[in-house]
1. Taking region B:256-279 on its own, how many of its residues are part of a loop (DSSP other than H, G, I, E, B) and either touching a Gly at 6+ places or on another chain (Cβ under 6 Å) or without any contact (Cβ under 8 Å) to a residue 60 or more places away in the chain (or both)?
2. When only residues in region A:57-111 that are touching a strand residue (DSSP E or B) at 6+ places or on another chain (Cβ under 7 Å), aliphatic (A, V, I, L, M) and within 7 Å of chain B (Cβ to nearest Cβ) count, which is surrounded by the fewest Cβ atoms within 10 Å (Cβ to Cβ)?
3. Just the residues that are on the phi < 0 side of the Ramachandran plot and within 13 Å of the chain's Cα centre (by Cα), please, taken from region B:74-100.
4. Can you tell which of B:SER198, B:SER150 is without any contact (Cβ under 8 Å) to a residue 12 or more places away in the chain, in a helix (DSSP H, G or I) and away from chain A (no Cβ under 12 Å)?
5. Name the helices (runs of 4 or more DSSP H) wholly inside region B:1-90 in which the number of residues that are closer than 27 Å to B:ASP147 by Cβ and in contact with an Asp or Glu (Cβ under 9 Å, 6 or more places away or on another chain) is 3 or more.
6. In this structure, is A:VAL232 within 24 Å of A:GLY323 (Cβ to Cβ) and part of a helix (DSSP H, G or I)?
7. Farther than 25 Å from A:VAL78 by Cα, outside any helix (DSSP H, G or I) and within 9 Å of chain A (Cβ to nearest Cβ): does that describe B:GLY116?
8. Where in region A:143-229 are there strands (runs of 3 or more DSSP E), lying wholly inside it, with at least 1 residues that are free of Cβ contacts under 8 Å to residues at least 60 places away in the same chain and within 30 Å of A:LEU298 (Cα to Cα)?
Amino acid sequence: MPQMNMIQALNSAMDIMLGRDPGVIVIGEDVGYFGGVFRTTDGLQRKYGEHRVIDAPIAEGGIIGSVIGMGVNGLRPVAEIQFADYIYPGFDQIASQLAKLRYRTAGEFCAPVTIRSPCGGGIRGGQTHSQSPEGLFTHICGIKVVMPSNPYDAKGLLISAIEDDDPVVFFEPKRIYNGPFDGDPDKPAVPWSTHPAGEVPEGYYSVPIGRAEVVRPGEDLTILCYGTMVHVAQAAARLVEADAEIIDVRTMVPLDVATLRQSVEKTGRCVIVHEATRFSGYGAELSATIQEECFYSLEAPIVRVCGWDTPYPHAFEWQYFPGQKRLVAAIEQVLEAG
Amino acid sequence: MSKQISDEVLLDIHRRMVRIRIFEETAGKLAEDGKIPGALHLYVGEEAVACGVMVHLSNKDWITSTHRGHGHLIAKGGEFDRMFAELFGRSTGYCKGKGGSMHVSNLDLGMLGANGIVGGGPPIAVGAGFSNKFRKTKNVSISFFGDGASNEGAFHEAANMAALYKLPVIFVCENNGYGEYTPQANHQAIVDVADRASGYGMPGVIVDGMDAVAVYEAAGEAIERARNGEGPTLLECKTYRYYDHVGVRGMGMTYRTDEEVEYWKGRDPIDMMEARLAEQGILSKKDAEAIHEEVTKQVQAGVEFAESSPMPTPESLLEDVYA
């Protein structure tokens, strides 16, 4: 099977969907002629033409607003917002228009729009090139929110997102575009070719939206994570030699509550980890869900490991980033409690 | 000028304007009496704009509307019963009661929706126009917006993109002189919103928005340009709202004078059209009165339909969030 990194896998997903569905178009800043700042759309304009892979002005509200109009009028657009940090100028169009369109028209209108956006830190991007804003979007009813953690899922989930009749905000953790980063910046980078999920079929396949994946089965505790943190969690679990069950949430909305419940009912202990800031972060929703679903199975308080409640700091990148050390401490805390 | 316009088109514009006027006057009273829940932004005074534009369109042409959107949907062919039902929050409404005044929309009529967000519509009209061009149709999309919305970033982004991609989009600015309660002179340093067109590389046209025939002619040229692949136009219609930003109060307000309101009412779009039709021997005063009476009856029937329609079922609260 071919080896792909996440960029190649995402490119392959768009290539396949542009080929299969004449209504699919790709639009964003630098996506066409240049091929994308992360090369995710490389070669697509040459292959499909300027009318289908479109360079947009630096105008995120215009990009997102216009893909809504395209979506209601017969197309299936994929918008790229170059960094998740740039999505805020388009937030009104997502929150007030895109997400609410179906409901306010009682199902008459829908916009099958996918908004792709690289997110997350660990790349020394500072405040405005490192954010993880997924929690803001999970709070808006009417959109789905997805974040893959590996090339196989990235391709399969992006194909599902494009085919979905609901709008999907698709966050791509850019720190793991090229390899499964385990949270240790001092170790040499590992490419996806060394990882089983770097094996990606050439052709069409999909990974369903709404299903979490148990990436490591275990008995002692459950670690809920997504994106880059899936790899940090695996490394941390190896350090403590705990028999951790690690769950890649994969899709924040809709959330696969059943898989989470099943795991925590078994282990009775739960650590939640994400890069985004802690207060009102998506981990709070996960924690509340576990409490509601598994209260009588819990043997210890749930612990969250998150970015600190500060803007993303340039100088303290690896203090801010929830690395192995903090995660190990949390795992030990949860195992020792009760 | 109006010589090329057929009697049929003039009568069509006139009837559409009367339909809006009587619908809005009635809806305003019902809201004042507490029968319609929520805020209404009435289109009374601005009828010439919607009707002068809309007679050019088919149901396959798209429009995006504003918070002041009843007139746009009626001008595009909206039915009184489903519109009133929507305002009343009944299951028979255009959006099964879940949209309401500021969000009424209809797929079959190509009405992408009234919009409670000022400046929310223009980028969506750009996308609809993109799709029309992409799919090689001759259909256009029209974005109605106000002088207030012309200050929103969304308008700027939309206008730039429409011109850049040479899309079949017409930006129709209903300049009624106020952004909510703030006079235009206090919210922008220009008098003519159309001046902004040259900054995007599209024609900017100013027209008397109380004169439906003038709107009809200017809109016709812009729409023809768009259908011929010549790109967007910014059409500014100078108009006026007789009532408050929201609700029915017309006179005695602190932010504008009664004299100003009287001045604009002296140039009422329906009166001016009826004078023209009478002068040209197309429609007598008596025939015009008969139209008003006929429409009044239709409006009353719409109200009765809405009032006798069921409320949405409780289950529908949770429906249509996702596919």
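Values in this text are rule-based calculations from the coordinates and carry no lab data. This is a predicted model, so every value here is computed, not measured. So basically every Cβ, Gly included, is an ideal-geometry build from the backbone, and we count neighbours across all protein chains shown.
1. Number satisfying all stated conditions: 3.
2. Here the answer is A:LEU75.
3. If the condition is that a residue be on the phi < 0 side of the Ramachandran plot and within 13 Å of the chain's Cα centre (by Cα), then B:ILE74, B:ALA75, B:LYS76, B:GLY78 are the ones that fit.
4. Residue meeting the stated conditions: B:SER198.
5. Qualifying helices (runs of 4 or more DSSP H): B:7-32, B:47-54, B:70-75.
6. Here the answer is yes, as A:VAL232 does meet what is asked.
7. Considered against the rule, which asks whether it is farther than 25 Å from A:VAL78 by Cα, outside any helix (DSSP H, G or I) and within 9 Å of chain A (Cβ to nearest Cβ), B:GLY116 comes out as yes.
8. Working: elements: A:144-146, A:168-173, A:213-216, A:221-225.
Counting at least 1 such residues, we get A:213-216, A:221-225.
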